[in-house]
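Colleague: Please find one structure pasted underneath; my questions will follow.
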Amino acid sequence: MNKIEIIDKNGTIKASASGEEVSLVYRGVYEPGDAIVVTPGETPANYFMQLDDVGGVSVVYLTGAVRYEIPFGEKRTNLSPHTFLDDLHLLTLKKYPDFLQGVYRNLALNVWDQHGLINSFPHAVANVETRGEAVFAAQNAIDGVTANESHGEWPFESWGINMQDDAEITIEFGREVEIDRIVMYTRADFPHDNWWTQVTFAFSDGSSVDWPLEKQTLPHTLTFPKKRVTSLTMRDMKKAEDPSPFPALTQLEVYGREV
């Protein structure tokens with residue numbers, strides 16, 4: 001049995017729904033300290049999950065219960081300003097059907113990723129985020145938003161590396177998947193931004209690839225023979241010789257299939 005609960009800062013359940021296909025309609029205003037707790041009936045498994053009707057549905061691989069903290073203040077600047085607002089919300093959860101398991105898709109997409117989130121994949125982690133601000137968090141690189149001609153609040157959130165030469169970002173899939181294509185949107189707020197002339201992708205199978213890049217607004221695409229991995233890391237980014245010290249990543253898409 002799948003379940004979604006909305007819990008306040010004291011652990012009191014404000015709303016709850018359960019079933020094989022869950023649709024929780026919450027008529028209320030979120031308050032600081034509120035959290036959404038998703039408890040899947042079967043793990044590990046893929047699910048369609050929607051934590052707010054504004055953000056839409058993501059396919060997530062769940063390995064246990066997930067606690068998502070409702071963001072307030074600066075922590076919500078990387079989300080659409082309509083997300084989690086007002087007094088009517090729709091949250092959904094249902095099992096991803098077997099007949100879709102072999103579909104070729106972006107396995108890195110997760111609208112509902114968050115710092116410190118466990119049991120939910122894909123999940124993005126990085127060794128640096130500019131000033132610790134939400135608009136430069138690692139999760140922005142897998143949220144599906146590809147607007148890259150500016151920087152700052154939604155829809156121009158990005159992963160910012162704080163000018164750190166050894167910056168790395170890792171996408172964790174939570175299980176073995178088969179991939180053969182990466183599509184990357186580098187931030188292109190020129191002349192404010194710099195750009196990378198080369199990046200390296202290191203895969204969990206021990207292989208890696210160096211990827212030369214050009215200065216551009218359009219996405220970069222890398223294809224390679226199919227490989228089975230549980231994660232990948234972008235690292236060793238080579239900055240162009242440009243006065244700007246600010247290269248950044250808007251979106252990382254990783255295409256493939258379930259194993």
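Colleague: Want the number for Asp242 to Glu21: 0.36 nm per residue separation, take away the alpha-carbon distance, what's left?
Modeller: 74.3 nm
Colleague: Taking a ≥ b ≥ c as the square roots of the eigenvalues of the Cα gyration tensor of the stretch 1-143, is the shape rounded (a/c under 1.5), prolate (a/b larger than b/c) or oblate?
Modeller: It comes out oblate by the Cα gyration axes.
Colleague: What Rg and what Dmax come out for the stretch 115-258 when only alpha-carbon atoms are used, in angstroms?
Modeller: 14.2, 43
Colleague: Using a Gaussian network model on the chain with a 10 Å cutoff between Cα atoms, which of Gly41, Gly73, Gly144 fluctuates the most?
Modeller: Largest GNM mean-square fluctuation: Gly73.
Colleague: Given the C-alpha centroids of the stretch 11-45 and the stretch 165-242, what is the distance between them in whole angstrom?
Modeller: Each part reduced to its Cα centre gives a spacing of 35 Å.
Colleague: Under the classification rounded if a/c is under 1.5, otherwise prolate if a/b is larger than b/c and oblate if not, where does the chain fall, given a ≥ b ≥ c as square roots of the Cα gyration tensor eigenvalues?
Modeller: Since a/c reaches 1.5 but b/c is at least a/b, the shape of the chain is classed as oblate.
Colleague: Another question about this same structure. Label points 7 Å out from Cα along the Cβ direction at Lys215 and Met1: separation in nm?
Modeller: That separation, rounded to one decimal, is 6.1 nm.
Colleague: Which residue, chosen from Thr39, Ser80, Gly55, occupies the Cα position most advanced towards the positive end of the dipole of the stretch 1-85, where the dipole is computed from +1 (Lys, Arg) and -1 (Asp, Glu) charges on Cβ about the Cα centre?
Modeller: Looking along the dipole axis, the top candidate is Ser80.
Colleague: I've got another one for you. If Rh is defined by the Kirkwood formula over all Cα pairs and Rg also comes from Cα, what ratio Rg/Rh do you get for the stretch 76-177?
Modeller: 1.00
Every number here is computed from the coordinates shown, using simple stated rules; none is lab data. Keep in mind that this is a model prediction, so the values were computed, not measured. Neighbour counts are summed over all protein chains in view; Cβ atoms, including those assigned to glycine, are modelled from backbone coordinates with ideal geometry.
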